[in-house]
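I have placed the structure first, in the form of structure tokens, so that the comments after it can refer back to it.
The values are calculated or read from the model by the stated rules, or taken from the named source; none is laboratory data. Keep in mind the model is a prediction, meaning the values are calculated, not measured. As a convention, Cβ positions derive from the backbone with ideal geometry for all residues, glycine included, and neighbour counts pool all protein chains shown. Calculation scope for accessible area: heavy atoms of the full protein, side chains included, ligands and nucleic acids excluded. Shrake-Rupley method; radii C 1.70, N 1.55, O 1.52, S 1.80 Å.
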Amino acid sequence: MITKNGSLPDQPPPTNSIGVIGWLRRNLFASVLNTLLTFLALYIIYLGIVPAVNWVFVNSDWVGDSRDACSSGGACWVFIAARINLFMYGFYPEEGYWRINLAFAILVLLLVLLNIRQVPRRGWIAAFTLIGYPIIAFYLFYGGAFGLTVVDTHNWGGLSLTLILSGVGIVASLPIGVVLALGRNSQMPIVKAASIVFIEFWRGVPLITVLFMSSVMLPLFLPEGTSFDKLLRAMIGIVLFESAYMAEVVRGGLAAIPRGQYEAAKALGLNYWKSMTLIILPQALKLVIPGIVNTFIALFKDTTLVLIIGLFDLLTTIEAGFKHVSWLGFAVEGYVFAALIYWIFCFSMSRYSQNLERKLHTGHAR
Amino acid sequence: MTIETANPELTASSAPIIEIVGMHKWYGEFHVLKEINLTVSRGERIVICGPSGSGKSTMIRCINRLEEHQRGQIIVDGIELNDDLKRIDKIRREVGMVFQHFNLFPHLTVLENCCLAPIWVRKMPRKQAEEIAMEYLERVRIPEQAKKYPGQLSGGQQQRVAIARSLCMSPSIMLFDEPTSALDPEMIKEVLDTMISLAESGMTMLVVTHEMGFAKTVANRVIFMDGGQIIEENDPETFFTNPEHERTQLFLSQIM
């Protein structure tokens, strides 16, 4: 608006539209209906939160070593504490727990080193984590060398088994998925057809069927007397299954890279593999980090399905725990504990992926 | 149809570095390039113009095999292009290309963009590649941006980086595919200046552009294309003041 003496000076915002009170007014108490809904929502939250807090913290039992300690009426965390070794290590012999602990300690150390910018030679650490570490971890878990006694895979279980299955699944399915995605985009008809058939076959089958086939049907087709490890078969099943999903996620990323990038790489004289590994894949994988992590999270939770072929992952050991005579009836505590553990791992992966996206952002708009 | 080169003493001065003989190209049923004949000698600067869809970009993209031709011959620096990947790679090492949309690699810094091909294609040690890259970045007058990512630069700066990136491979031919068409007006000049100084250094250049001022001052020869054919080929003065062909006259009257 034009006035005789030029425009009016800016007014400060009214006090009731700024700060906490302003925010409350705008978002929670904007109208009568809005206010009513706010109070209704608060009441519903109150109804849910109070008993939950009472059950988890106020009326719960934390100390003791048998079900007799659970008398307060709330959650009985004594059950979890008493069976924690089963949940973490399955039926792994107790004198070998240090081997599992050491294997995971090394892994955590490597992952921490990889995420500190100042650490020199992170490329070598990454290579060691992917190539050297699995060998060390295998000997720590399985034994049979360096004076370690052999612990058969049917004794493996609990959270450590869940982590092994998902770790192997994650590490193996990404590169296989990348190769399949490149294959599906290939100009060579046989490579392309083979990739499509593979991807569509594994994506079309439920994981539970894959695991069942690997454990029950596969031995029927193998010559008599040959047996190979049930855990290994489950791992192969999971890896092939997840690779197919990963391939499609990566293909989405490849499709999002402008044609000009391929052309610029070609024009500079880079051959197919160099332009893929140096130019296209770094960009494509960065674009689909959310999709990749999504698949990882799904994989992590899908590993619970190995219970149908008799492997004792975290969830199955917890179920076994509350089905034991001395702890009958503590299913809720068990499931809440399982949910918490799964949530911690999945949420960490999700946060890590967001962190990674931010770190890799180089300021280009798409 | 073939058209005699208007400036025979220029082409006769040295051996041809590019020879295109009776080249045709189809996209499926669509006949994009028809009977292209073109001889370029070392050090020549050729501007190719024409209405959109006339096949000018497609033609220069055939020279480094970003597009394949279906009939005729393309001989670059004595090597005839065919399906042989080794030959294609050899030619691509000798032919630099600058694109309309720069096509810098957004995940790499400016310096890394420039060093990538020398390191991975020419097997140059990293240190030497970086020195050469800095030299060329200085030549296009943006050495101070070396550590930045392409996304942090203006369009004109990005295009100059793209030129430096191509030069790092020390090519004997440079192809420019509408290098200024995606730029804001005030950035066109900085890119054209870079190209002019490159021309002065004796580089063989094929430039698809609508910058007629550039054509007038820099080109040895201007080629006009329409409907997938070379309609007219002449030295810039004759081309602009006295075009032979009706379609050329029409085109020039529309853009000038």
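Observations on the structure shown:
- Listed by position, the helices (runs of 4 or more DSSP H) contained in region B:48-134 that have at least 1 residues being more than 30 Å from residue B:228 (Cβ to Cβ), within 14 Å of another protein chain (Cβ to nearest Cβ) and of a type in the set (Val, Ile, Thr) are B:110-120.
- In the set (1) open to solvent by 30 Å² or more (accessible area, probe 1.4 Å); (2) under 24 Å from residue A:70 (Cβ atoms); (3) modelled with pLDDT of 85 or more, the condition left unmet by residue A:308 is number (2).
- Filtered residues of region B:149-170 (kept if more than 8 Å from every other protein chain (Cβ to nearest Cβ) and assigned to a loop (DSSP other than H, G, I, E, B)): B:153, B:154, B:168, B:170
- Residue count for region A:60-95 under the criterion of being in contact with a strand residue (DSSP E or B) (Cβ under 8 Å, 6 or more places away or on another chain) and open to solvent by 40 Å² or more (accessible area, probe 1.4 Å): the result is 4.
- Flag if residue A:242 is free of Cβ contacts under 8 Å to residues at least 60 places away in the same chain, surrounded by 19 or more Cβ atoms within 10 Å (Cβ to Cβ) and either within 14 Å of chain B (Cβ to nearest Cβ) or not aliphatic (A, V, I, L, M) (or both): no
- Of everything in region A:147-165 that is in contact (Cβ under 8 Å) with a residue 40 or more places away in the chain and open to solvent by 50 Å² or more (accessible area, probe 1.4 Å), the residue that is nearest to residue A:337 (Cα to Cα) is A:154.
- Spans of strands (runs of 3 or more DSSP E) in region B:198-256 with at least 2 residues surrounded by fewer than 22 Cβ atoms within 10 Å (Cβ to Cβ): B:229-234
- Any hit, region A:314-331, residues being among the hydroxyl-bearing types (Ser, Thr, Tyr), crowded, with 16+ Cβ neighbours inside 10 Å and outside any helix (DSSP H, G or I): no
- When each of A:82, A:69 is tested for being modelled with pLDDT under 80 and in the same structural domain as residue A:342 (by TED's automatic domain parsing), the lone residue that passes is A:82.
- On the stretch given as region A:245-304, residues that are more than 21 Å from residue A:355 (Cα to Cα) and in a helix (DSSP H, G or I) total 30.
- Pick from region B:135-148, criterion assigned to a loop (DSSP other than H, G, I, E, B) and more than 12 Å from chain A (Cβ to nearest Cβ), ranking: nearest to residue B:105 (Cα to Cα): B:146
- Selection over region A:346-366 of residues that are outside any loop (DSSP other than H, G, I, E, B) and either touching a Lys or Arg at 6+ places or on another chain (Cβ under 9 Å) or within 14 Å of chain B (Cβ to nearest Cβ) (or both) gives a count of 5.
- Here A:267, A:234 are screened, and the one residue that is within 10 Å of another protein chain (Cβ to nearest Cβ), open to solvent by less than 10 Å² (accessible area, probe 1.4 Å) and hydrophobic (A, V, I, L, M, F, W, C) is A:267.
- Residue within region A:137-146 that is at pLDDT below 90, surrounded by fewer than 18 Cβ atoms within 10 Å (Cβ to Cβ) and assigned by TED's automatic domain parsing to the domain that holds residue A:252 present: no
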